[in-house]
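J.: Have a look at this one before I ask anything.
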Amino acid sequence: MVEHKSGGKSLCNIVKRISFASTVAQIWQERNKIIFNNERCKYERVFGHIIDEVKNRLLGIKAPYNIQNYKVCNEWGVSKLGNWRLGEKWTQSSKVDNGR
């Protein structure tokens with residue numbers, strides 16, 4: 001069995017945990033719709049809900065302004081985190097003070 005750890009406080013690990021939790025929740029909601037309402041959604045719609053939930057949760061996260069977090073946000077198409085915007089210029093001083 002292959003084991004993957006997603007512990008830690010890096011933004012990448014946070015995204016992994018949010019993605020997993022959102023996937024479980026969406027599958028459970030879809031299961032309940034099928035059982036109790038006899039409704040079915042296409043997998044594209046369920047997947048879209050997962051992506052939207054992860055993006056929305058990312059918007060509220062406050063994380064240091066560094067190149068790794070910039071790349072994670074860029075990959076997810078999120079233009080800002082809770083305390084900085086993706087379009088801001090990343091500089092050496094931003095790396096040192098981990099702020100903004």
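The values are calculated or read from the model by the stated rules, or taken from the named source; none is laboratory data. From a predicted model like this one, the values you see are computed outputs, not experimental measurements. Quick reminder, even Gly has a Cβ in these numbers, built from the backbone with ideal geometry, and neighbours come from all protein chains shown.
J.: I'm trying to understand the selection: among the residues of the stretch 21-49, which are farther than 21 Å from Gly77 by Cα and charged (D, E, K, R)?
T.: Correct list: Glu30, Arg31, Lys33, Glu39, Arg40, Lys42.
J.: Just name the residue that is surrounded by the most Cβ atoms within 10 Å (Cβ to Cβ) out of those in the stretch 21-51 that are aliphatic (A, V, I, L, M) and over 27 Å from Lys9 (Cβ atoms).
T.: Per the stated criteria, the residue is Val46.
J.: For Ile18, are the conditions met, namely being at pLDDT 95 or above and surrounded by 13 or more Cβ atoms within 10 Å (Cβ to Cβ)?
T.: Taking the combined requirement at face value, the residue satisfies it.
J.: Taking only the stretch 52-100 into account, find how many residues are among the polar types (S, T, N, Q), at pLDDT below 85 and either touching a helix residue (DSSP H, G or I) at 6+ places or on another chain (Cβ under 7 Å) or exposed (fewer than 15 other Cβ atoms within 10 Å of the Cβ) (or both).
T.: Going through the stretch 52-100 one residue at a time, the tally reaches 6.
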